[in-house]
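Engineer: Sharing a structure with you now.
The values are calculated or read from the model by the stated rules, or taken from the named source; none is laboratory data. Not measured: the values here are computed from a predicted model. Positions of Cβ are generated from backbone atoms using ideal geometry, with glycine treated the same way; all protein chains shown enter the neighbour counts.
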Amino acid sequence: MVGSRYDAKVTADLLDIQQEFGITPSLRRDDIRYPLISRSKTICPIPPTLNVAGGWKAAFGTLSLDNDNVREVGRPTVKLSVSQTVGTASYAELYLAIPNQLINGPFEIWIKIPRSAISVNGSTGIVSSLINGQFVYSNLPQGSDPPNGLPSAYRKTPFFYPNNGQWDCFRFDISQTVDPVWAETGSPSTSYRCQYICLQISWQASTPNDARYINVDLVATGGKATPLIILANDNYVPTAILKKLPVLQQNGLVGTIFADGNTITGETATELLTLYHAGWSVGHQGMNHKTYTLGGNPAALDADCATAEAAMVAAGLPLTGIFAFPVNAAGPDQYDVLRARGYRFARAATEPKIAISSLGRRTLLGVGAKDTGQQSAATIEGWIDQTISNGTGLVLQTHEISASPANSLETQDTVYAAVASYLATKQQAGLLRVVTADQACDQLAA
């Protein structure tokens, strides 16, 4: 089982926060917050209001509150029924209007899909499910409720995808113009206010008309913090030693590496220990780079973690509770295994999700990463600029480094060096902090 080598810093961190920001936190570890520039203002009540102006409304479905307090202990859960159904597929949309006085972001939203033995908590028969959402900036008149469908001119944020069975927090800011994946139509203005939040829910089920449940709350605006940046590395341990470590050390930065457990022996183990003593975090990816959502592999995750942990201990490496899913293949069952073993961080998605919030604590299982791959320095620096603007976190994932990249797993060596220098400059200016994965957990994770 795992624990963090940063536990001894807890009291010191609390004193630093109290002295610098005038905050009086308790000494409970789960109350530690990363110092905030400003605190968030909640704009969605708990329990949520439904079917009235300013509350949650549904298109292609009917909303009600389920008050048995079972799916989420001690609180009612939003119940969605009478959705749009075609064959075995169902679809619904939920909208929440943003009050008039809240002009611009950043906005954040906390979402949880309660789960039992199935992926979206309902009656029976779920085959697959997906929930995604967007913040919509539009030209609707002030005071308007969200339309059924999109207005004539709008900007939509990229989709965000909550994990089943745990709280996820997402943040966007209207100023994130550096991201090219905004959806726009009707010549929208960058001055548009955030009018509403749209959640799209779909599922395949043998009983598609059964009611489904979701908790959506703590929609807020205003909170922002200095972003945490994690430089993650998948395998390629010799490259980390020979190429990445010197570049990061030159710029005063640290990294995080995830190795397959079956490779943590001999020379590789010695190299990982070298990285650890250089300030890096060392985690693992299970054994033999398995895809833990296929075949019998979900049941193997617990045993593989135990084997990989034993290899790390034998190599003299601490167990810091960080993990990366090969090919980002994970789901609620896999998160349950890691949670039971004491893990606090798992990379398992292709988009970053590390919102820094004054409203609660992130469960950093299912965190996403931006892959540097064959991207240009300008593109990666744009991602960094965006996370500074939003006050969110960012995981930059790199595999191999090459002078002549030949595939998507290789990043140009000059690009890697330029990005490291850019991060160092921004860190020196106080605009971000480059941390290891377990340092991020000590600041953010539940």
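Engineer: Which of the residues that make up segment 256-286 are crowded, with 21+ Cβ neighbours inside 10 Å and either touching a Cys at 6+ places or on another chain (Cβ under 9 Å) or free of Cβ contacts under 8 Å to residues at least 12 places away in the same chain (or both)?
Structural biologist: GLY261, HIS284, GLY286
Engineer: For segment 306-327, give me the residue count where each residue is in contact (Cβ under 8 Å) with a residue 40 or more places away in the chain and either in a helix (DSSP H, G or I) or outside the structural domain of SER281 (by TED's automatic domain parsing) (or both).
Structural biologist: 7
Engineer: Restricting segment 307-348 to residues that are within 24 Å of the chain's Cα centre (by Cα) and of a type in the set (Asp, Glu), which is farthest from TYR292 (Cα to Cα)?
Structural biologist: Ranking the candidates gives ASP336 first.
Engineer: Working only within segment 239-255, note down all residues that are charged (D, E, K, R) and surrounded by 21 or more Cβ atoms within 10 Å (Cβ to Cβ).
Structural biologist: Listed by number, the list holds a single entry, LYS244.
Engineer: Just for segment 381-412: of the residues that are of a type in the set (Asp, Glu) and in contact (Cβ under 8 Å) with a residue 60 or more places away in the chain, which one is surrounded by the fewest Cβ atoms within 10 Å (Cβ to Cβ)?
Structural biologist: ASP385
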